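Following: one structure in structure tokens, then a few remarks.
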Amino acid sequence: MTFNLQLFGEKLLRYREQFQLSLNEVSTQTGIPTASLVKYESGVERPTGDVVLILADYYKCDYKFFLSNQKLASFEETETLFRRFGNEFSKQDRWAVQECLFLAECESYLERKLHRSTEKPFHFEKTGTYFKKHGINAAEDLRQFLGYSRSEVSMNVYDDMRRIGVRVFRRALEASEISGLCINHPVAGRCVLINYSEDIYRQRFTAAHEMAHTILDEEEDILVSFSWDKNNLVEVRANAFASAYLMPPVFLRKIPSVSEWTEKKAIDWANKFKVSTQALAIALLGCNLIDDSNYSTIVNAKVPKSLKEDPELPAHLPPRSHERKRSLLEHGLSNYYVALCFEAYRQDLVSAARLMEMFMIDSDHELAELADLYGESIRYAS
């Protein structure tokens, strides 16, 4: 493989610009002198193999991306994302996106090594131009595809996404107006990031919304979901899918005396569906089961935070374990991902040092703590 100095330098510069970094910041984080970074970016000095590895580790990408023209990283996708929506993403949020894409690459790698891919191919053929109908029909078809009865509620939408090959990670973002985003990674495939800063039930609805994008907008390499926009038909369609997927219309029509609900009854049913009372009210109104007065009653009711349970964060955990796992989820480390990592370690497919990279931690002590939290053990120091 011929090393192209100019190409290497261009990629380095463009990555640094994507993440709004100064040369001094990169130098401080990597230990590479600023003068050397300038020469690398200018394509006038050939880096050592160690330097390439250090920079690949720093930018959370496959080192082979720097050495070839192959699409081995989501470089072009993130560049387009930040160019198009640059004002919406802080420096911290840009890193959050990159780290989630790194986790997606690791997850893809681990599934291949473990022969553990759970993907079941699902395809929906859009017909006509009625966007809301696309969403409703796709939701019904997917529910049948995954084996749900017409009146069964999906309890873990994140697992449902993984079952059709979508890589989903939750990560706290500073941008509160961003609910989620989809990126089509050249190696890892369809990847979704859910803003963990949002309410638990809002995250669940967002996940179903982003799942719609992966099914109904396959031609798009990137999609960002902001606050509600009734004029954006793509977003309207995704919302229609999410509503029908989480609250099947057939089921809603079987609920007795909906028009007589009190606020308490509205809270009870919203909690059964694991959605906000607003999402439930909109779904009921769409099925012509309530009028404007009933709508106000339902919307004014709020599901107490104490009743909401995250499917990936069981309430029965001891307080310290609960908080630690919540922190991991907030940084993208789902139970599914962590389990894959430890299984690969048990089978000697990855080292303890590689585990630390995959968990994005820096010390043996942190690794030992994480292993203990999940009932695992580390056999030797990294």
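The values are calculated or read from the model by the stated rules, or taken from the named source; none is laboratory data. Predicted, not measured: the structure shown is a model, and the values here were computed from it. All Cβ positions, glycine included, derive from the backbone under ideal geometry; neighbour counts span all protein chains shown. These area figures cover heavy atoms from the full protein model, side chains too; ligands, DNA and RNA do not enter into them. Shrake-Rupley method; radii C 1.70, N 1.55, O 1.52, S 1.80 Å.
Quick notes on this structure:
- Condition met for K120 (part of a helix (DSSP H, G or I), touching a residue at least 40 places away in the same chain (Cβ under 8 Å) and either open to solvent by 30 Å² or more (accessible area, probe 1.4 Å) or among the hydroxyl-bearing types (S, T, Y) (or both)): no
- Look at the stretch 123-144: where a residue is modelled with pLDDT of 95 or more and a partner is open to solvent by 20 Å² or more (accessible area, probe 1.4 Å) and among the basic types (K, R), sitting 6+ places away or on another chain with Cβ atoms under 6 Å, you get H134/K126.
- When the stretch 3-35 is filtered for residues that are among the small types (G, A, S) and loosely packed, with under 14 Cβ neighbours inside 10 Å, the ones remaining, listed by number, are S22, G31, A35.
- Among the residues of the stretch 221-240, those identified as surrounded by 15 or more Cβ atoms within 10 Å (Cβ to Cβ) and either within 26 Å of L101 (Cα to Cα) or under 15 Å from the mean Cα position of the chain (by Cα) (or both) are D221, I222, L223, V224, S225, F226, V234, E235, R237, A238, N239.
- Flag not set for Y158, criterion: at pLDDT below 95 and not hydrophobic (A, V, I, L, M, F, W, C).
- Pair list, Cβ under 7 Å, 6 or more apart: the stretch 304-318 residue farther than 14 Å from K272 by Cα, other residue in a loop (DSSP other than H, G, I, E, B) and open to solvent by 40 Å² or more (accessible area, probe 1.4 Å): A315/E309
- Members of the stretch 176-187 that are open to solvent by less than 10 Å² (accessible area, probe 1.4 Å) and either touching a Pro at 6+ places or on another chain (Cβ under 9 Å) or in a loop (DSSP other than H, G, I, E, B) (or both): I178, S179
- Residues of the stretch 344-367 satisfying the condition of being buried (at least 19 other Cβ atoms within 10 Å of the Cβ) and of a type in the set (V, I, T): V350
- Candidate set: the stretch 123-154, residues that are part of a loop (DSSP other than H, G, I, E, B) and within 24 Å of the chain's Cα centre (by Cα); chosen: the one surrounded by the most Cβ atoms within 10 Å (Cβ to Cβ): S154
- Filter pass, A368 being more than 25 Å from the chain's Cα centre (by Cα) and assigned to a helix (DSSP H, G or I): yes
- Taking the stretch 50-82 as the range and being outside any loop (DSSP other than H, G, I, E, B), farther than 14 Å from W95 by Cα, out of contact with any Phe, Trp or Tyr (no Cβ under 6 Å at 6 or more places or on another chain) and open to solvent by 50 Å² or more (accessible area, probe 1.4 Å) as the test, the residues that pass are D50, I54, Y63, K64, E76.
- Selection of the stretch 303-316 for residues being more than 21 Å from F169 (Cα to Cα) and open to solvent by 30 Å² or more (accessible area, probe 1.4 Å) yields P304, K305, S306, L307, H316.
- Applying the set (1) in contact with a Gly (Cβ under 8 Å, 6 or more places away or on another chain); (2) over 21 Å from L223 (Cα atoms); (3) buried (at least 16 other Cβ atoms within 10 Å of the Cβ) to S42 leaves exactly one unmet item: (3).
- The one condition in (1) crowded, with 18+ Cβ neighbours inside 10 Å; (2) at pLDDT below 95 that C341 fails to fulfil: (2)
- Of all residue pairs spaced 6 or more apart or on separate chains, those with beta-carbon atoms under 7 Å, a first member in the stretch 261-290 that is among the aromatic types (F, W, Y) and a second member that is crowded, with 17+ Cβ neighbours inside 10 Å and part of a helix (DSSP H, G or I) are W261/N294; W261/T297; W261/I298; W269/L280; F273/L246; F273/L280.
- Considering residues of the stretch 192-212 that are touching a strand residue (DSSP E or B) at 6+ places or on another chain (Cβ under 7 Å) and either hydroxyl-bearing (S, T, Y) or under 13 Å from I164 (Cβ atoms) (or both) only, the residue surrounded by the fewest Cβ atoms within 10 Å (Cβ to Cβ): Y196
- Residues that are open to solvent by 80 Å² or more (accessible area, probe 1.4 Å) and in contact (Cβ under 8 Å) with a residue 12 or more places away in the chain, drawn from the stretch 94-117: K113, R116
- When residues in the stretch 253-302 are screened for being open to solvent by 40 Å² or more (accessible area, probe 1.4 Å), within 20 Å of N239 (Cβ to Cβ) and in a loop (DSSP other than H, G, I, E, B), 5 of them pass.
- Among (1) more than 30 Å from H115 (Cα to Cα); (2) without any contact (Cβ under 8 Å) to a residue 60 or more places away in the chain - the single one L328 does not satisfy: (1)
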